[in-house]
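Written out below as structure tokens is the structure these notes cover.
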């Protein structure tokens, strides 16, 4: 008790050792997470390519709504090569195909549903890209925090080395303790180098996802303040079913398959081709003479329609049925898996939140207090250097574990948002 009192009184004086706080990434131009996501959605190369390919689906809609081009028919005949030079004819006609059975409207419906599916697939890719950017951003934050933690740990080791040198000079400790302090100081410097080595690759990956030059002068800042999710698994599952773009895309694919089925049934009815033609005929009544001659002008209508004897679009109907069955099965399986995904991600988030709370309320305060007590006890000569080294090592490991749990919590929050397809803070049953 006497020793403990002396230590507490010494702690009341200005501390000679700076305790580590939660590290914050220092940056001249900190970039918020929301801005990083917005830049990625605008500049990401893969996303730009998908947006360009969306025009293919739009072109299909335009093509489905167009009428077939009319056909100009020209025909000429002469008897010059058969000894009847006075006999010849000339015909000109115009034909137009008319789509029967509402096939044009049904084809247009198919193309529109397919274009809608493409748009939703693009939205789903944006959802996944957002998660990738958040993951890379949080990895960069974690790497920065680990670097700051390593720097703080190295400072502690250097301060311990300075105290050991002072006590050695005063004849209080053997040279062995100074050497042990030198080793710890070197190990602390090595941790700083290891932490700094990870940053360039992580930063390059983040900037690449954002569609920027890996050498761009941008430094990610801190993530937004964590907000706990309060919705129940069932509420969040309903939220995902209503907002997930991949589920909406599967629903659009199912609608496109139904429209394709109707279009295939309509294709059983052949199309009608109608045309007008004009024919001029010159002929002679007497063989071998040029008299008398006749001139006839004819105007007529021509209708043609294929007879569905062999091909009644059986293959098209069968293909449409298979497509509809596959789309229905994929949609059903995806909807069933949503509840499991949401429950798993919510449980992961809640576990990470509990771990962070345990660190913040129970472990970290006592860890800080123990470190200060041990440091001051060594300065007063009450304990040996091995106890200080062990406590500082424990301090570093626990703090690193705390950073990892904080990262896991933020990443679990981002993953849950991606699983829902929307930020629960913007919807009922979301965030406090």
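Some values worked out for this structure:
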| item | result |
| --- | --- |
| Criterion: under 30 Å from residue 248 (Cβ atoms) and either at pLDDT 95 or above or buried (at least 16 other Cβ atoms within 10 Å of the Cβ) (or both) - qualifying residue of 404, 414, 425 | 414 |
| Count - residues of the stretch 68-116 that are in a strand (DSSP E or B), exposed (fewer than 14 other Cβ atoms within 10 Å of the Cβ) and touching a helix residue (DSSP H, G or I) at 6+ places or on another chain (Cβ under 9 Å) | 0 |
| The listed residue being touching a residue at least 60 places away in the same chain (Cβ under 8 Å), surrounded by fewer than 19 Cβ atoms within 10 Å (Cβ to Cβ) and closer than 30 Å to residue 36 by Cβ, out of 205, 196, 145 | 205 |
| Counted residues, the stretch 234-269 - those being farther than 14 Å from residue 113 by Cα and either loosely packed, with under 15 Cβ neighbours inside 10 Å or at pLDDT below 90 (or both) | 8 |
| So residue 321, is it closer than 20 Å to residue 269 by Cβ and touching a residue at least 40 places away in the same chain (Cβ under 8 Å) | yes |
| Qualifying residue in the stretch 139-146 (condition: part of a helix (DSSP H, G or I), within 16 Å of residue 371 (Cα to Cα) and under 33 Å from the mean Cα position of the chain (by Cα)) | no |
| Filter result for the condition that a residue is touching a strand residue (DSSP E or B) at 6+ places or on another chain (Cβ under 9 Å) and either loosely packed, with under 15 Cβ neighbours inside 10 Å or modelled with pLDDT of 85 or more (or both), over 307, 349, 367, 331 | 349 |
| Residue in the stretch 36-59 that is modelled with pLDDT of 85 or more, more than 25 Å from the chain's Cα centre (by Cα), outside any strand (DSSP E or B) and surrounded by fewer than 13 Cβ atoms within 10 Å (Cβ to Cβ) present | yes |
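The values are calculated or read from the model by the stated rules, or taken from the named source; none is laboratory data. As the structure is a computational prediction, the values presented were derived from the model and not from experiment. For neighbour counting, all protein chains shown are included, and Cβ atoms are generated from backbone atoms with ideal geometry for every residue, glycine included.
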